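The values are calculated or read from the model by the stated rules, or taken from the named source; none is laboratory data. Every value quoted in this text rests on a predicted model; they were computed, and no experiment measured them. So basically every Cβ, Gly included, is an ideal-geometry build from the backbone, and we count neighbours across all protein chains shown. The accessibility values were calculated without ligands, DNA or RNA, using every heavy atom of the protein model including side chains. Shrake-Rupley method; radii C 1.70, N 1.55, O 1.52, S 1.80 Å.
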Amino acid sequence: MIAVLALGVSLAAAAQPKALGIRWGFNTEISYQHNVSGADFVEANLGTFGFNSFDISSTYNFMIAQPAWTARGEWGFYAGPGLALGVNKGVSVAVQGQVGLEYTFWFPLQLAVDLKPQFGFWAHHGAGFFTEGLYGFLPSLSVRYRF
């Protein structure tokens, strides 16, 4: 029974669409998406924030709309909440929001433009508001391989 259950869970996870690529903007990150429920997906990013700190973040994005603007490929408008953790001479902890527009071609390429501001605190010999997170209001471009 345990083997059958493990096989079923791994097959269900493998059947979900995924995407892996790079996200450029105020930051440069390796970006991974994994669909979890219908068109909703979790996005996990690992890289720099402001080019001077290491950042790891994850966002649960709800697919708000998928307009049929083109005959081939798929458009998607998404938004969702998330968390981020950064390290640069100290530690930053932040909540974040993400809103974006993506296009997945009929071949395995996905392009996206999004905003991902962060609001939080940093700590290093004191504490303060994480003002660098507001640079997330600048647009970022993502290029991902969809599989």
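Against the criterion of solvent-accessible heavy-atom surface with a 1.4 angstrom probe, Asp40, Asp55 sort, most first, into Asp40, Asp55.
What whole-number value in Å² describes the accessible area per residue of segment 16-65 for a 1.4 Å probe? List each step's numbers first, then the result.
On the way: 2180 Å² over 50 residues.
Accessible area per residue, segment 16-65: 44 Å².
Computed extension gain for Ser58 through Phe119, at 0.36 nm per residue and net of the alpha carbon distance, reaches 20.6 nm.
Here the accessible area is traced with a 1.4 Å probe on the protein chains. For the chain, carbon and sulfur cover 76 percent of it. For the chain, the gyration tensor built on C-alpha atoms gives an oblate shape. Its axis ratio a/c (a ≥ b ≥ c) is at least 1.5, and a/b is not larger than b/c. Remark: accessible surface ordering of Phe77, Phe137 (largest first) is Phe137, Phe77, probe radius 1.4 Å.
What does the charge count near Glu29 come to, summing +1 for each Lys or Arg and -1 for each Asp or Glu among other residues with Cβ under 9 Å from its Cβ? Taking every Cβ under 9 Å from that of Glu29, the sum is 0. For segment 51-140, a simple Cβ point-charge model (Lys and Arg +1, Asp and Glu -1, everything else neutral) yields a dipole of about 60 debye relative to the Cα centre. Given a 1.4 Å probe and the protein chains as shown, Tyr32 ends up with an accessible area of around 80 Å². Ranking Phe137, Tyr103, Ala127 by how far each Cα lies toward the positive end of the dipole of the chain (charges on Cβ) leaves Tyr103 at the top.
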